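Below: the structure, in structure tokens.
The values are calculated or read from the model by the stated rules, or taken from the named source; none is laboratory data. Since the structure is predicted, the reported quantities are computational estimates derived from the model, not experimental observations. FYI the Cβ positions are ideal-geometry reconstructions off the backbone, even for glycines, and counts take in every protein chain you see.
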Amino acid sequence: MPPHPQVADLLALINARGGPPVTEQSPEEFRAGFRAGSGARGRPADPAPTEDRVVPGPAGDIPVRIYRPAAPGPLPLVVYFHGGGWVIGDLDTHDGLCQYLAVGTPAVVVSVDYPLSPEHPFPAALEAAEAATRWAADHARELGADPARLAVAGDSAGGNLATVVARRARDASGPDVAFQLLVYPVCDLTRSMPSYTENGTGYMLTGEMMELFIDHYLAGGDPRDPDASPLFADDLAGLPPGLVLTAELDPLRDEGEAYAARLRDAGVAVEVRRYDGMIHGFVGFDLLIDDARTAIDDLTAALRAGLAPDGD
């Protein structure tokens, strides 16, 4: 189907701004533009108090932002990895979404500012994501959270990190992850799915942009490495249940749904929710797109159900 009218208006607005193509910008220029465009992201009327900290990582300190909503605890714990092709994005660009997840679930959310490519190529982001998840699990009680109700979550490249962290935690015997929330995740860095052809131009995220992101991230590495492309992991059995959200007009649509199918084939309880007429990144435009608010409500509902205390 064609883009939803609100999506079409957003695309027209972006096109009217002009400027050099992303593929001709430096990472610093692209990051600044992405940060400046975060004004279409809302936040709850009563946001959760936050605390910015650093936690230890294998290559140095990792900045995190901790959201603690005013709700009776202990609360579920959500470790969130922002999107942006492993090249752009930070704690501020995804602050509104993390606020919605924290207040709407409610849950303690730890948002992770992992190191970006090309300065820090694969597996630097993954190693930082793992370290931050272990730290959050180890300090859950201090944060007012229940370590037995831990979720990993992320959008796009962050969804990639979330599910790889969950699989590696399974293989390392911890921390125990109870739920995975994957929002239009990157799952196949070979860029071979049909939706790359169908949706590779005209819908904000393009095939050319993904090629650039992947080149920066892998720096010549193997795109079929399961720690980069979770679709190629040999064994997905025993992974936590989850929700995979996809967008109809997203180049990444097919790989997210293919990964969910592999999870199901491995006996993992996973729900797939596709949003028709939507594009990659639409959840971040909740002030402009009504379906973004619906999606955020779906995400918080999935976290509530997936992280409910035993017996609830």
Discussion item. Checking the structure you have, find out if any residue of region 267-274 is over 25 Å from Gly200 (Cα atoms), among the aliphatic types (A, V, I, L, M), at pLDDT 95 or above and surrounded by 15 or more Cβ atoms within 10 Å (Cβ to Cβ).
Written reply: yes
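Any residue that is acidic (Asp, Glu) and crowded, with 24+ Cβ neighbours inside 10 Å - is there at least one of those in region 134-153?
Filtering region 134-153 down to residues acidic (Asp, Glu) leaves 138, 142, 146.
Next, from what is left, pick out any that are crowded, with 24+ Cβ neighbours inside 10 Å: none.
Scanning region 134-153, I find no residue that is acidic (Asp, Glu) and crowded, with 24+ Cβ neighbours inside 10 Å, so the answer is no.
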Item to complete: Taking Pro251 as meeting all but one of (1) without any contact (Cβ under 8 Å) to a residue 40 or more places away in the chain; (2) in a loop (DSSP other than H, G, I, E, B); (3) more than 21 Å from Glu130 (Cα to Cα), write down the number of the exception.
Response: (1)
Response to the item:
Taking region 112-136 and keeping residues closer than 16 Å to Pro63 by Cα and among the hydrophobic types (A, V, I, L, M, F, W, C) leaves Val112, Leu116, Ala124, Ala125, Leu126, Ala128, Ala129, Ala131, Ala132, Trp135, Ala136
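Please count how many residues of region 159-175 are in contact (Cβ under 8 Å) with a residue 24 or more places away in the chain and either of a type in the set (S, T, N, Q) or crowded, with 20+ Cβ neighbours inside 10 Å (or both). Walk me through how you get there before you give the answer.
Of region 159-175, the ones in contact (Cβ under 8 Å) with a residue 24 or more places away in the chain are 159-170, 174-175.
If we keep only those that are either of a type in the set (S, T, N, Q) or crowded, with 20+ Cβ neighbours inside 10 Å (or both) too, we end up with 159-167, 169, 175.
So the answer is 11.
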Worksheet, complete the sentence: For region 261-290, pairs from a residue that is assigned to a helix (DSSP H, G or I) to a residue that is surrounded by 15 or more Cβ atoms within 10 Å (Cβ to Cβ) and of a type outside the set (A, V, I, L, M), with Cβ under 6 Å and 6 or more apart or across chains, are Gly284/Arg41
Discussion item. Regarding region 182-202, can at least one residue be identified that is touching a Cys at 6+ places or on another chain (Cβ under 9 Å), assigned to a helix (DSSP H, G or I) and either modelled with pLDDT under 95 or at negative phi (or both)?
Written reply: no
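For region 218-227, state whether one or more residues are within 23 Å of Thr133 (Cβ to Cβ), at pLDDT 95 or above and part of a strand (DSSP E or B). Don't jump to the end; show me each part of the working.
Filtering region 218-227 for residues within 23 Å of Thr133 (Cβ to Cβ) gives 218, 221, 225-227.
If we keep only those that are at pLDDT 95 or above as well, we get 218, 221, 225-227.
With part of a strand (DSSP E or B) added as a condition, the list becomes none.
No, region 218-227 contains no residue that is within 23 Å of Thr133 (Cβ to Cβ), at pLDDT 95 or above and part of a strand (DSSP E or B).
Can you name the residue in region 74-99 that is assigned to a loop (DSSP other than H, G, I, E, B), touching a Ser or Thr at 6+ places or on another chain (Cβ under 8 Å) and β-branched (Val, Ile, Thr) and is also nearest to Pro49 (Cα to Cα) among such residues? Can you show your working first?
Within region 74-99, the subset assigned to a loop (DSSP other than H, G, I, E, B) is 74, 82-94.
So of that shortlist, the ones also touching a Ser or Thr at 6+ places or on another chain (Cβ under 8 Å) come out as 82-87, 91-94.
Narrowing the set further to residues that are β-branched (Val, Ile, Thr) leaves 87, 93.
Numbers: Val87: 28, Thr93: 17 Å.
Ranking the qualifying residues of region 74-99, first place goes to Thr93.
Test of understanding: among Thr246, Thr300, which residue is at pLDDT 95 or above, touching a Gly at 6+ places or on another chain (Cβ under 6 Å), more than 24 Å from Ala36 (Cα to Cα) and assigned to a helix (DSSP H, G or I)? Quick ask: steps written out before the conclusion?
Details: Thr246 fails: assigned to a helix (DSSP H, G or I).
None of the other options fit; the residue is Thr300.
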Item to complete: State which residue is surrounded by the fewest Cβ atoms within 10 Å (Cβ to Cβ) when the search covers only region 1-27 and only residues that are in contact with a Gly (Cβ under 8 Å, 6 or more places away or on another chain) and in a loop (DSSP other than H, G, I, E, B).
Response: Met1
